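To start, the structure under review is shown below, and the notes come after it.
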Amino acid sequence: METTNKLKDINEVLEFLYQEFPQCFKQKDGIKPLKVGIFKDIAERIEGSEKVSKTQVRQALRKYTSNWRYLEAVTKSEFRIDLDGNHGAKVEQEHIDHAQKALEESRAKMAKRKKAQRPRNDSDTKSYKKKPGQFNKSADKNAKVNSAPAKAAPAKRSGKIEPLPASEVKVNNKVKVKLGQALVNAVITEVNKDDVHVELVTGMQVKTKADSLYII
């Protein structure tokens with residue numbers, strides 16, 4: 001009976017990419033934003049590979065492009081690179097803004113997790129025992145904060161968001177994809193029946209449905 005040689009761990013797949021495309025994928029130093037559509041280039045290069053599948057490569061790309069070092073690289077680099085390390089298209093400002101936002105959100109979540117996991121020490125417990133008069137000072141402080149004038153809500157964009165017609169669900173078409181409550185610019189990289197794979201402006205690969213796609 002033949003045994004499969006395919007890698008199973010996502011980190012092993014990343015290691016495969018580091019070794020196979022050393023001018024493109026870096027573990028720490030020298031990380032650069034990847035060319036939009038690089039998944040297709042990788043798929044062509046590894047066609048028939050016994051080590052990794054396209055699904056595994058997509059998962060590895062998702063992990064690689066969500067790493068803090070990669071997101072920082074998107075905000076600081078001028079050009080994207082291809083598999084051979086050659087400069088390609090310039091990093092657009094909207095891609096920089098999106099990467100910066102993703103970086104801030106990821107760091108905030110990490111800080112929140114660490115704070116929740118931090119054990120409460122004696123000084124934390126003692127701080128709950130308030131001295132006489134301390135409550136009134138706190139109340140006065142809260143009252144001052146609450147009395148501050150509320151900031152005006154930002155004006156909503158009036159542009160109408162239109163769903164992407166089924167006839168436009170094609171590879172290489174630029175679209176907006178709904179992620180949570182946000183709409184993010186992306187490029188369709190693969191259409192597989194009801195599933196649509198898109199590449200976000202940061203380079204991250206995402207699987208979604210056609211009804212989550214909108215006209216740019």
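The values are calculated or read from the model by the stated rules, or taken from the named source; none is laboratory data. The model shown is predicted, which means the values in this text are computed figures rather than measured ones. Backbone-built Cβ (ideal geometry, glycine too); neighbour counts: all protein chains shown. Side chains included, ligands, DNA and RNA excluded: accessible areas come from the protein's heavy atoms. Shrake-Rupley method; radii C 1.70, N 1.55, O 1.52, S 1.80 Å.
Data table
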item	result
Conditions (1) closer than 24 Å to residue 196 by Cα; (2) assigned to a loop (DSSP other than H, G, I, E, B); (3) among the basic types (Lys, Arg): number failed by residue 63	(2)
Any hit, the stretch 71-90, residues being under 16 Å from the mean Cα position of the chain (by Cα), among the hydroxyl-bearing types (Ser, Thr, Tyr) and buried (at least 21 other Cβ atoms within 10 Å of the Cβ)	no
Of all residues in the stretch 198-216 being open to solvent by less than 20 Å² (accessible area, probe 1.4 Å) and closer than 17 Å to residue 36 by Cα, the one that is farthest from the chain's Cα centre (by Cα)	198
Whichever residue in the stretch 6-20 is within 22 Å of the chain's Cα centre (by Cα) and within 17 Å of residue 82 (Cβ to Cβ) and, among such residues, is surrounded by the fewest Cβ atoms within 10 Å (Cβ to Cβ)	18
Selection count, the stretch 77-97, where residues are out of contact with any Leu (no Cβ under 8 Å at 6 or more places or on another chain), outside any helix (DSSP H, G or I) and closer than 15 Å to residue 204 by Cβ	1
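Here's the yes/no breakdown for (1) more than 23 Å from residue 188 (Cβ to Cβ); (2) at pLDDT 95 or above; (3) outside any helix (DSSP H, G or I); (4) of a type in the set (Phe, Trp, Tyr):
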{"residue": "47", "(1), (2), (3), (4)": "no, no, yes, no"}
{"residue": "55", "(1), (2), (3), (4)": "no, no, no, no"}
{"residue": "70", "(1), (2), (3), (4)": "no, yes, no, yes"}
{"residue": "99", "(1), (2), (3), (4)": "no, no, no, no"}
{"residue": "107", "(1), (2), (3), (4)": "yes, no, no, no"}
{"residue": "112", "(1), (2), (3), (4)": "yes, no, no, no"}
{"residue": "124", "(1), (2), (3), (4)": "yes, no, no, no"}
